[in-house]
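To keep things clear, I will list the structure first and then write my remarks on it.
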Amino acid sequence: MKWSVLVCLWIRSETIEAMRFDSDKKADRWYSGGVAADRMQKFFIRTMIDSSDFTMSQNDRGSSDDDRDNDSGTVVVTKTKPKVKKPNLYRVLLLNDDFTPMEFVVHVLKRFFHKNEEEATLIMLHVHQNGVGECGVFTFEVAETKVTQVMDLAAKHQHPLQCVMEKK
């Protein structure tokens, strides 16, 4: 696990000195001058776990003690939030056939898709009349599991019921 420690010292509105130490045994020094107020005279250590979550602007980076007197910029440490992509959703569909009993389809909808009797009957009738009906919308893994469960139960009871998934 990578880690970093950021140490900042405010010195009477004159200079801010900041050093960062990290798990790679590197130490970098940044200086910034003239920004700290008297009430901010304090020394603090902030430990940052997983330094990849943090970025530090290095626009005003000094390289020696002489540079801090000439440097008038600031050092900014910002925590960046990772962008989380929403998962793709998949529709689970039942396909009509002429041999699977309607009661079995209702049983499947209640058991695997947690539909009540009325919802299951409506979906079953929609499948019967239109040839296809949507049982639910799920992430890929959940949809795949539901399709497998339905197909396995249909095969166990020797029904030709088909269940498929498609990207929404």
So His159 passes all but one of these: (1) surrounded by 13 or more Cβ atoms within 10 Å (Cβ to Cβ); (2) outside any loop (DSSP other than H, G, I, E, B); (3) out of contact with any His (no Cβ under 7 Å at 6 or more places or on another chain). Which condition number does it fail? (2)
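Filter the range 96-154 down to the residues that are among the aromatic types (Phe, Trp, Tyr), farther than 23 Å from Lys168 by Cα and surrounded by 20 or more Cβ atoms within 10 Å (Cβ to Cβ) and list them by number. Before you say what the answer is, go through the steps one by one.
Let us first name the residues in the range 96-154 that are among the aromatic types (Phe, Trp, Tyr), namely 99, 104, 112-113, 138, 140.
Restricting the remaining residues to those that are farther than 23 Å from Lys168 by Cα gives 99, 104.
Correct list: empty.
Throughout, read-outs are computed from the coordinates displayed, never taken from laboratory work. Since the structure is predicted, the reported quantities are computational estimates derived from the model, not experimental observations. With ideal geometry, Cβ positions are generated from the backbone for all residues, glycine too; neighbour counts draw on all protein chains shown.
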